[in-house]
Amino acid sequence: MQITLLPDAAPRPRRVAVGEFDGVHLGHRAVIAGSDTVLTFEPHPLAVLRPDASPQLITSLEVKARLVADLGVEELVVIAFDDAFAHQTAQEFVDHVLVERLGATHVSVGENFRFGHGAYGDAALLRADERFQTRVVPMVEVAGEVVSSTRIRKLVEAGEVERAAGFLGAPFCVRGEVRHGDKRGRTLGFPTANLAPQPDLLYPGHGVYAARATLDGTTLERCAAVNVGVRPTFESGLGLLIEAYLIDWQGDLYGQNLTIEFLARLRGEERFDSADALVLQMNRDVETARTICQARSATVPGR
């Protein structure tokens, strides 16, 4: 899939899906269906318009791009959302971005999509424009509940990654560079790949999770037991830690990018009376994570 910054996009006939698409959840996928181009914004508009209300993002731009590419989209066009763009009127957005710059013949949006200065642009404005066909997609529901990025964030924050996956259409995942830690896991017999949390991104609530880990640019895929938290048994004082123990793996991952898909929450984060008690529980966690991961992989074609 080609990734294009808006100023570099040459006009051509495009079927464009427009939205922030944070999480690329089932509702977003319904909007994107049938489109060859996805138009999105970076950073999140609220980070510019109302920084105090800007949410932690479910997906970084890199993860969003991968998820969009997996849907068969040919091109991801990224608009740098800044103060100047925020003051563009809804009609200017239609005229200058959708028509002049992108050459849109079809435009697809969610029913609650708003755009332009003051959020005055809506589906009705798009439908009234005869230069392209407009498709307005209603909200998607799962088990009677509306799928939304806000709801997914709350589930992930609560550690309910399995329910979140039901709304996302795929496991919630994080991606990051493997960094050096304090080697505590190695001394316990469980060397971990440590990811540095980014303050603008969403992470699961504190606890231990069954996961699947994939190394960028390779076929390496391993079941993993992942701890998200502050490691209370040792009072590290390091803040939030993302520590992934890759099951049946030995090797150096430092400096490489790792994607972790969270499959299920095993337990909350606990303080143990001794290192031995912690190791005993970690052994249980690893075997449970292995069982869950292998069962999930067996249901996915090609895994």
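Before moving on, here are some points about what is shown:
Per-residue answers, yes or no, for (1) under 21 Å from ARG163 (Cα atoms); (2) touching a strand residue (DSSP E or B) at 6+ places or on another chain (Cβ under 8 Å); (3) at pLDDT below 95:
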residue	(1), (2), (3)
GLY23	yes, no, no
ARG29	yes, no, no
ILE32	no, yes, no
LEU39	no, yes, no
LEU46	no, no, yes
ALA65	no, yes, no
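- Scanning segment 14-55 for residues that are loosely packed, with under 15 Cβ neighbours inside 10 Å and more than 17 Å from GLY72 (Cα to Cα) gives LEU46, LEU49, ARG50, PRO51, ASP52, ALA53, PRO55.
- Of residues in segment 105-145 being in contact (Cβ under 8 Å) with a residue 40 or more places away in the chain and under 24 Å from PRO204 (Cβ atoms), the one surrounded by the most Cβ atoms within 10 Å (Cβ to Cβ): VAL140
- Members of segment 249-264 that are closer than 24 Å to LYS64 by Cβ and either surrounded by 13 or more Cβ atoms within 10 Å (Cβ to Cβ) or outside the structural domain of PHE190 (by TED's automatic domain parsing) (or both): LEU253, GLN256, ASN257, LEU258, THR259, ILE260, GLU261, PHE262, LEU263, ALA264
- Residue list for segment 21-72, restricted to those being without any contact (Cβ under 8 Å) to a residue 40 or more places away in the chain, of a type in the set (D, E, K, R) and under 17 Å from ARG114 (Cβ atoms): ARG50
- ARG29 touching a Ser or Thr at 6+ places or on another chain (Cβ under 7 Å), of a type in the set (Lys, Arg) and over 19 Å from LEU202 (Cα atoms): no
- Against the test of being touching a helix residue (DSSP H, G or I) at 6+ places or on another chain (Cβ under 6 Å) and not β-branched (Val, Ile, Thr), the options ALA143, ALA164 yield a single qualifying residue, ALA164.
- The residues listed here are GLY217, GLY176, GLY185; of these, the one that is of a type in the set (Gly, Ala, Ser), modelled with pLDDT under 95 and surrounded by fewer than 16 Cβ atoms within 10 Å (Cβ to Cβ) is GLY217.
The values are calculated or read from the model by the stated rules, or taken from the named source; none is laboratory data. These figures come from a predicted structure and were not determined experimentally. For neighbour counting, all protein chains shown are included, and Cβ atoms are generated from backbone atoms with ideal geometry for every residue, glycine included.
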